[in-house]
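The values are calculated or read from the model by the stated rules, or taken from the named source; none is laboratory data. In this text, all values refer to a predicted model and were calculated from it rather than measured experimentally. Neighbour counts run over all protein chains shown; Cβ positions are idealised from the backbone, glycine included. Side chains included, ligands, DNA and RNA excluded: accessible areas come from the protein's heavy atoms. Shrake-Rupley method; radii C 1.70, N 1.55, O 1.52, S 1.80 Å.
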Amino acid sequence: VLFDQHNLYFLFEIILPDAAEILAEIKSNPLKDSKGNLKDKRDTYSSRHSVELFLQPPGGSKYYQFVVTPDGYHYDGDSVAGSKWDSNFEFAVKTAADRWFLEMKIPASRMGLKTIKPIQTWRLNITRNRESNYSTWTAVGGNFHNPYMFGKLITASFPAWLKNSEKILKTRQDILKKKSSELGKDFDERFKMLEKFSSKPVAKSG
């Protein structure tokens with residue numbers, strides 16, 4: 001995941017044995033409506049092979065859904081207007097021998113944000129569909145449309161996020177240190193282990 005002031009960028013790598021053969025098969029089997037007419041690839045939801053992205057921007061109650069298949073069917077909608085909402089999102093798909101790749105560019109303005117600011121917390125979930133089977137990044141229960149159970153996406157550089165997290169951890173540690181005498185020896189030993197772990201240097205990528 002990357003971001004700038006105006007867009008979110010996602011790259012997914014989906015492992016799929018025999019991906020080229022599966023893509024050829026679904027391309028030869030285009031989706032049709034109940035009357036046998038070919039469906040438009042735009043605003044058409046498909047779960048036979050697809051990735052679903054759910055996003056809820058910071059401070060808002062609406063959430064947004066984006067779905068893309070390896071053969072180009074795509075859907076976007078929000079929790080109020082459904083498919084009538086249009087995100088103007090862009091996507092690209094590439095298929096390899098044993099996997100497929102999906103890139104998405106999602107404008108923040110279509111989700112009611114003027115800019116994407118650092119250290120903002122979004123709600124996020126990702127679902128991978130595969131012929132009526134699925135896996136999901138965050139366990140949300142029986143209904144994917146459950147933003148209160150989504151995971152978190154924080155728009156920040158890693159050093160900035162780490163610095164902010166260290167401040168929060170230090171505050172919590174100070175509170176716990178004051179209470180440790182009340183909670184007994186066992187808690188005090190656990191707290192010392194936590195303090196030792198949090199003081200370890202973070203490995204730098206190189």
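Side notes on the structure shown:
- Residue-normalised accessible area of the chain, given per residue in Å² at a 1.4 Å probe: 64
- For the chain, the share of accessible area belonging to carbon and sulfur comes to 53 percent (1.4 Å probe, ligands and nucleic acids excluded).
- The stretch 1-105, dipole about Cα centre (Lys/Arg Cβ +1, Asp/Glu Cβ -1), debye to the nearest 20: 320
- Phi-based couplings in Hz for the stretch 99-110 (Karplus 6.51, -1.76, 1.60; Gly and Pro marked x): 6, 9, 10, 10, 10, 9, 10, 10, x, 6, 4, 6
- For the stretch 83-97, 3J(HN,Hα) computed residue by residue from phi via the Karplus equation (6.51, -1.76, 1.60; θ = phi - 60°) reads 6, 5, 6, 10, 8, 6, 6, 10, 8, 9, 10, 9, 10, 10, 5 Hz, glycine and proline entered as x.
- Dividing the Cα radius of gyration of the chain by 2.2 N^0.38 Å, with N the residue count, gives 1.30.
- Working value for the stretch 9-74: equivalent-ellipsoid semi-axes of 26, 18, 7 Å, each the square root of 5 times a Cα gyration tensor eigenvalue, largest first.
- The chain: calculated mean residue ellipticity at 222 nm from DSSP helix runs of at least 4, using -39500 (n - 2.57): -8000 deg cm²/dmol
- Angle of helix 158-183 to the longest C-alpha principal axis of the chain, folded into 0 to 90 degrees and rounded to 10: 50°.
- Links that overshoot a 31 Å alpha carbon limit, given the list LYS32/LYS117; LYS27/LYS105; LYS117/LYS170; LYS32/LYS84: LYS32/LYS117
- Karplus-derived 3J(HN,Hα) values for the stretch 18-32, using 6.51 cos²θ - 1.76 cosθ + 1.60 with θ = phi - 60°, are 6, 4, 4, 5, 5, 5, 4, 5, 6, 5, 7, 10, x, 6, 10 Hz; glycine and proline are entered as x.
- A simple packing score, the average count of other Cβ atoms within 10 Å per residue, orders the peptides 42-53, 149-160, 23-34, 114-125 as 42-53, 114-125, 149-160, 23-34, with the highest score first.
- Counted charge near GLN56, where neighbours are those whose Cβ lies closer than 9 Å (Asp, Glu -1; Lys, Arg +1): +2
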